[in-house]
Amino acid sequence: MEYTLFGNTGLKVSRLGLGGAPLAGDFGETDQEEVQRLIHEAIDSGINFIDTAPLYGKGESERRIGKALAEGRRNEVIIASKVAKSDPRYDYESTIRSVEESLRRLRTDWIDILQLHDIEHQPYHLVMNETIPALRKLKEDGKIRFTGVTTRELPLLMAYMKTGQFDAIQFYARYMLIDHTAKDEVLPLARETGLGVINGSVLGLGLLADTVVDFLDKDIVEKAAERVEKLKFLRRAEPKGLVEPAMRFSLTNPDIHVTLTGTSKVGSLRKNLAVCDGKGLEPADLQRVYDLFQGRPLFN
């Protein structure tokens, strides 16, 4: 496992992190015992970063993570959770309440990184006037250590980055083989401002794993299929042959501190762990990927 410093936080993080959404069955049936084994194996293998949210499985992801860590492993990991985007508003009281509920489910006294989940669902003035003051209070009380913001909408993400109120950012499906638009402005700004960077959905919600989630629009799936066809030069012979190059594409970008792997299967976890060896795409292949889709977002 490779490790790096997470922005200016001082946290030493594993470049591969465990994503919590699949642990609760959000993307298919799960076996609770296997999920517990998976969490322990992830930690045993060197993963020290776990990302979750109240939204995932309506709290079940946090509950399952909390159960696994209650066996004396809390201090071995950095927990990143969120204020649930399903809340009607991120007002002061609901933000405090959401975090306290997460702490109970996670069976811990603190959350290392508390992120505002898919911030596009909340008014900017509300976040600045109520949510951020609530985060300050939670920090003062020792219930959270650092703060972050997440969204797939990059201009909005940059607006929040420029406020100087956050320690970390997370985007998804914006630095992957078929849409790497985050590299143009977001990653340079994060480097300049010392923000920790988490890359979610490096497989594009299954688009690069030949198992597309069922809630994506048909036009997006068709557009992605055209792009995937242009990546045949990267495809490995085994099933889901773009998974390895997709993981290497993100894991070796020095501006991305944590790449999340979302799985509820131990076998899939082991395959992703195998590519945490510091080897990226061949320079010519990397440049070819950049040239293919430069400035061309897949998602609007």
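In the range 48-118, which GluC sites (Glu not before Pro) are in a loop and have at most 15 other Cβ atoms within 10 Å, using DSSP for the loop call?
71
Dipole of the range 235-278, Cα-centred, from +1 at each Lys and Arg C-beta and -1 at each Asp and Glu C-beta, to the nearest 20 debye?
The calculated dipole for the range 235-278 is roughly 240 debye.
Just the number, please: percent antiparallel of the DSSP beta bridges in the chain, rounded to the nearest 5.
10
Over 24 Å between Cα atoms: which of 143/271; 82/223; 137/162; 82/137; 139/183 fall into that group? Walk me through the intermediate numbers first.
Working: 143/271 35 Å; 82/223 31 Å; 137/162 21 Å; 82/137 16 Å; 139/183 31 Å.
As for pairs spanning more than 24 Å Cα to Cα, those are 143/271; 82/223; 139/183.
Work out the length of the dipole vector of the chain about its Cα centre, built from +1 on the beta-carbon of each Lys and Arg and -1 on the beta-carbon of each Asp and Glu, and round it to the nearest 20 debye. Please list the in-between numbers first.
Details: 41 positive and 45 negative charges, 72 e Å.
Computed charge dipole of the chain: roughly 340 debye.
Work through the residues other than residue 190 whose Cβ is under 13 Å from its Cβ and net out their charges, Lys, Arg +1 and Asp, Glu -1.
After counting each charged neighbour, the total is -1.
Aspartates and glutamates within cross-link reach of residue 58: Cα-Cα under 13 Å, excluding same-chain residues under 8 positions apart?
26, 87, 101
How tilted is helix 32-44 with respect to the longest principal axis of the chain? Cα atoms for both, answer in degrees (0 to 90, nearest 10).
Taking Cα atoms only, the helix is inclined about 80 degrees.
Over the chain, what is the mean sequence separation of C-alpha contacts under 8 Å (at least six apart), divided by residue count, expressed as relative contact order in percent?
So the answer I get is 21 percent.
Hey, how many Å between the Cα centroid of the range 1-64 and the Cα centroid of the range 153-218?
Using only Cα atoms to place each centre, the spacing works out to 18 Å.
Rule-based calculations on the coordinates, nothing more; no lab input. Please read all numbers here as calculations on a predicted model, not as lab measurements. Don't worry about glycine lacking a Cβ; one is built from the backbone with ideal geometry, like all the others, and counts go over all protein chains shown.
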